[in-house]
Amino acid sequence: MSETGPTKDDGRGAFSTAGPGAAGKTGLELMRGGIGADMSGRPGIGRSLNFWLAEVDDGRVVFEGEPGKESLNPLGIIHGGWMLTIIDSACGCATMTALEAGIGYTTLETKVNMVRAIQPNSGVYRCEGVLLARGRQIITSEAKVIGPDGKLYAHGTSTCMVLRPKS
């Protein structure tokens, strides 16, 4: 653990939506199971980009992340893809909290506005994703990336399609 938050290897944010232990659990239960779980089940994107699941509620999730040199673009600042990915993750996982057991989702569209650049090794950033509308087939959400300075760095929206088993 660093002074500003968990490091890549401490296992924060691990969860699995498939395999043993997932059967019969709602999306909210699966997401809540990801807080503080061990590294072995943590999705590769969180490990690769150094972000983790920090909070889960019905219709709301928070990821935290500390982008470093592995996320630099050719200009020497954090690549915009880091913000897009954490926003996509927050929106998708907020969607997940609304799903019944055995139901999945896929992202149809994500739109992100970058407001300011992130400098490498500048601390822990928070990304809160919340549901905007829950339909039977379509769920929309929004997310914001807030820096350690309390400023907005990016915001975005996502549209997800609910995937139900064929009867």
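Each Lys or Arg adds one and each Asp or Glu takes one away; over the other residues whose Cβ falls under 10 Å from the Cβ of residue 86, this sums to -1. Restricting the GluC sites (Glu not before Pro) of the range 61-167 to loop positions (DSSP other than H, G, I, E, B) with no more than 14 neighbouring Cβ atoms within 10 Å leaves 100. Length gained on full extension, residue 107 to residue 75: 8.6 nm, using 0.36 nm per residue less the C-alpha separation. In order along the range 22-31, the phi-based Karplus estimate (6.51 cos²θ - 1.76 cosθ + 1.60, θ = phi - 60°) of 3J(HN,Hα) comes to 8, 4, x, 9, 6, x, 4, 5, 5, 5 Hz; Gly and Pro are listed as x. Amide H contacts of residue 59: 97, 98, each under 5 Å away and 5 or more positions distant or on a separate chain (H built 1.01 Å from N in the peptide plane; Pro and chain starts excluded). Shown in residue order for the range 114-128 are the 3J(HN,Hα) couplings computed by the Karplus curve 6.51 cos²θ - 1.76 cosθ + 1.60 at θ = phi - 60°: 8, 9, 8, 7, 9, 8, x, 6, 9, x, 8, 9, 10, 10, 9 Hz (x for Gly and Pro).
Going by a ≥ b ≥ c, the root eigenvalues of the Cα gyration tensor, does the range 8-163 fall in the rounded group (a/c under 1.5), the prolate group (a/b larger than b/c) or the oblate group?
oblate
Could you tell me which trypsin sites (Lys or Arg not before Pro) in the range 71-167 are loop residues by DSSP with no more than 15 other beta carbons within 10 angstrom of their beta carbon?
Those satisfying the criteria are 116, 136, 151, 166.
Where a number appears in this text, it was derived from the coordinates with a stated rule and is not lab data. Here the structure is a predicted model, which means the values were calculated and not measured. Note that each Cβ is placed from the backbone with ideal geometry, even for glycine, and that neighbours are counted across all protein chains shown.
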